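Before any comments, here is the structure.
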Amino acid sequence: MNKLNPRQNEAVRYADGPLLVLAGAGSGKTSVITRKIAYLIEQKGIPGRHIAAVTFTNKAAREMKERVGRIVDRGKSRGLIVSTFHNLGLNMIREEHAHLGYYPGFSIFDAEDAKALLQDLMLREDTADEGDELSDIQMTISSWKNAMRRPEEAYSKAEDEREQRIALIYKRYNEYLKAYNAVDFDDLILLPVLLFRECPDVLAKWRRKIRYMLVDEYQDTNVCQYELVKMLVAERAAFTVVGDDDQSIYAWRGARPENLAQLKQDFPSLKIIKLEQNYRSTSRILRCANTVIANNPHVFEKALWSEHTVGNEIRVIRCRNEDAEAERIATEILDNKLKNGLEFRDFAVLYRGNHQSRLLEMKMQAYQIPYRMSGGQSFFSKNEIKDAMSYLRLLVNPDDDAAFLRVVNVPRREIGPRTLEQLNHYARSREVSLFRALADMGAESHIAERGLERLRRFAHWVDRTCERLHTDNPVHVIKQLFTDIEYEEWLHQHSATPKQAERRMENIWYLVESIQRMLDDGKGTADETGIEDAITRLVLRDMMEQREEEDDSDKVQMLTLHASKGLEFPHVFIMGMEEEILPHRASIEEGNIEEERRLMYVGITRARETLSMTYAASRKQYGEKIETIPSRFLDEFPEEDLRWEGTGDLDQEANQKKGKATLSALLGDLGV
DNA sequence: AAGTATTTCTTTTTT
DNA sequence: AGAAATACTT
């Protein structure tokens with residue numbers, strides 16, 4: 001166990017008042033949080049079950065749990081809450097669902113479900129969607145929820161007709177969700193806050209439960225999340241929040257880095273501790289990071305420093321086009337690995353948008369470089385998993401129309417759009433869910449006999465499976481379900497290759513195993529997990545991550561800049577250093593360069609030893625060749641810390657100054 | 001209703 | 001260029 005430096009130590013031991021820790025990149029903030037939890041339990045005598053540590057990602061929560069587990073013994077940390085904001089909210093809703101008018105087994109709608117619901121809703125109500133995008137409306141509603149603005153308020157405070165119209169849709173959207181016994185992601189935070197406002201006794205109960213609170217990545221909290229923290233913490237103000245305004249890269253989903261400054265006003269006795277020593281990067285990398293980020297305005301000034309050596313210059317590599325760029329990175333990794341005896345896992349390639357990974361992935365395969373991609377498609381967005389989850393959701397919550405529609409004809413039950421249209425119409429007129437409408441006597445007169453018969457056969461099968469789920473062994477019933485519907489055959493029909501079908505089926509079995517595990521884990525514990533809870537909870541849990549953890553094999557990491565936050569690698573590549581990509585086009589248009597610069601900052605500070613940045617002189621966009629402009633951020637680096645390659649005469653000038661560069665660049669090019 | 005051809009749109013970032 | 005939505009056949 002490393003010794004803490006004096007600042008870190010102070011942050012750990014300061015527990016008598018509100019504390020804000022400004023933790024620069026690589027300053028050991030996770031250590032501080034974990035050690036502080038241990039300190040609170042062991043030195044301050046606060047039982048683990050009265051402490052809550054909140055993070056933003058499952059990964060961070062899992063890592064923290066693991067690290068706490070290593071330094072605090074099991075008995076003392078029992079009941080300790082280490083979870084994401086969303087998971088904490090889910091627990092609250094689960095426990096208080098009756099107050100909120102929800103039934104056990106409620107569903108969580110992901111972004112896709114929510115979008116489908118909106119689409120359907122707008123089609124049904126004659127809300128002619130003139131011009132503005134569905135996803136625009138979805139975003140607006142989401143931002144209102146994040147700002148704790150309810151439909152009525154959104155309507156009265158609407159600034160134009162468009163907002164007024166969306167506010168009306170928002171109201172209907174919430175009603176539909178309620179009718180489906182479903183909540184969306186934003187509700188997971190919003191509903192507890194609304195409940196706490198309404199029912200002081202429920203709030204009091206949670207305040208007794210959580211006596212000390214720690215929040216990681218505090219700059220990423222939105223209005224609603226901050227409100228939740230504030231309510232739980234109240235005047236007792238027993239909390240520590242850790243954050244770094246320079247790493248705020250989630251403003252687009254409602255994060256308010258101003259929450260850092262706000263804290264000072266809401267809690268005048270707030271103590272502020274800065275962690276400025278970086279234990280990760282070479283001092284040159286740090287100097288670059290500091291110089292670049294200095295172009296942003298700051299509320300809290302901080303200067304990262306490092307005891308490490310200066311290290312290599314930062315390389316900037318110009319490539320002819322995007323193909324050459326991907327090729328160069330792949331060969332560069334192979335070459336570097338061989339020359340310096342490194343592992344694949346020592347390398348990471350970072351990019352702005354997920355689509356940039358496609359070409360690189362092809363090159364990696366061509367050179368047989370093992371790689372791991374994250375930030376791409378998550379486990380739960382895979383089609384087979386969405387199907388499976390929809391079946392499970394339907395079993396637990398038959399009113400979940402989104403789930404019903406997804407699986408009613410998968411695999412083929414010869415129930416087509418026409419039949420569903422009739423059912424939908426009828427259900428709407430009766431104001432019941434699709435599933436319940438089927439049991440209705442009046443259905444005969446509104447739905448063609450053939451279709452109705454097929455629908456009812458399906459409904460009957462769901463009913464029976466549902467019964468068995470509660471009488472038999474649930475996992476066994478679920479396994480049976482997939483055999484019943486001959487899902488494997490269906491997969492084979494609808495997959496490109498038999499191999500892909502097998503892979504997809506494996507994903508299904510993995511999902512089933514996870515349910516088994518969740519049920520086993522909860523056995524005998526205070527919070528015994530029922531099958532309903534397990535299924536609800538699954539939506540929030542990213543199992544892809546767990547899976548990756550299992551094989552910690554030697555692979556090059558490929559991730560988005562966003563996904564790279566909190567991670568570190570010896571050798572980092574950042575690709576696509578171009579205007580319209582790294583300062584992303586949309587951000588340039590909105591004039592939000594500062595957030596892009598923070599993204600750049602996050603990228604730079606991931607690197608321990610070397611950092612290489614690439615850009616393509618021309619690139620195909622939407623199938624058209626475009627001449628590119630190197631990113632403005634390249635100009636913000638200290639000139640003497642950069643070594644340019646592939647830039648013609650400019651290249652030679654730079655290389656003559658530094659000597660050896662050209663030769664090794666040539667060797668690199670000839671390397672494969 | 002299912003399968004095939006054509007057209008249109010896409011590229012931020014994620015709990 | 002590629003995916004996804006839509007139109008057109010069987």
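The values are calculated or read from the model by the stated rules, or taken from the named source; none is laboratory data. Model, not experiment: these values are computed from the prediction. Counting neighbours? That spans all protein chains shown, and the Cβs are built from the backbone with ideal geometry, glycine included. Note: areas computed on protein heavy atoms with side chains; ligands, DNA, RNA excluded. Shrake-Rupley method; radii C 1.70, N 1.55, O 1.52, S 1.80 Å.
Quick notes
- Checked against (1) open to solvent by less than 10 Å² (accessible area, probe 1.4 Å); (2) more than 16 Å from DNA strand C (Cβ to nearest atom), A:SER587 passes all but a single condition, namely (1).
- So A:PHE239, is it touching a strand residue (DSSP E or B) at 6+ places or on another chain (Cβ under 8 Å) and under 23 Å from A:ILE46 (Cα atoms): yes
- Residues in region A:565-574 that are within 13 Å of DNA strand B (Cβ to nearest atom) and in contact with an Asp or Glu (Cβ under 9 Å, 6 or more places away or on another chain) were compared, and the one that is least open to solvent (accessible area, probe 1.4 Å) is A:LYS565.
- Complete set of residues in region A:178-205 that are surrounded by fewer than 20 Cβ atoms within 10 Å (Cβ to Cβ) and not in a loop (DSSP other than H, G, I, E, B): A:LYS178, A:ALA179, A:LEU194, A:LEU195, A:ARG197, A:GLU198, A:PRO200, A:ASP201, A:VAL202, A:LEU203, A:ALA204, A:LYS205
- Restricted to region A:111-126, and to residues there that are open to solvent by 30 Å² or more (accessible area, probe 1.4 Å) and within 16 Å of DNA strand B (Cβ to nearest atom), the residue that is farthest from the chain's Cα centre (by Cα) is A:GLN119.
- When A:ALA366, A:ALA402 are checked against the criterion of being among the aliphatic types (A, V, I, L, M) and outside the structural domain of A:ILE593 (by the TED database), A:ALA402 stands alone in meeting it.
- Matching residues in region A:10-22 - criterion: being small (Gly, Ala, Ser) and at pLDDT below 95: A:ALA15, A:GLY17
- Identity of the residue in region A:346-365, open to solvent by 20 Å² or more (accessible area, probe 1.4 Å) and near DNA strand B (Cβ under 9 Å from one of its atoms), that ends up modelled with the highest pLDDT: A:ARG352
- The number of residues in region A:590-622 that are among the β-branched types (Val, Ile, Thr) and open to solvent by less than 10 Å² (accessible area, probe 1.4 Å) comes to 4.
- Restricting A:LYS29, A:LYS36 to those that are open to solvent by less than 30 Å² (accessible area, probe 1.4 Å) and under 19 Å from A:LEU260 (Cβ atoms) reduces the list to A:LYS36.
- Exclusive hit being in contact with a strand residue (DSSP E or B) (Cβ under 9 Å, 6 or more places away or on another chain), more than 16 Å from DNA strand B (Cβ to nearest atom) and in a helix (DSSP H, G or I), set A:ALA427, A:ALA403, A:ALA388, A:ALA437: A:ALA403
- Restricting attention to region A:54-94 and to residues that are in contact (Cβ under 8 Å) with a residue 24 or more places away in the chain and basic (Lys, Arg), the residue that is most open to solvent (accessible area, probe 1.4 Å) turns out to be A:ARG78.
- Test: residue in region A:300-310 that is touching a strand residue (DSSP E or B) at 6+ places or on another chain (Cβ under 8 Å), away from DNA strand C (no atom under 16 Å from the Cβ), open to solvent by 60 Å² or more (accessible area, probe 1.4 Å) and under 24 Å from A:THR560 (Cβ atoms): no
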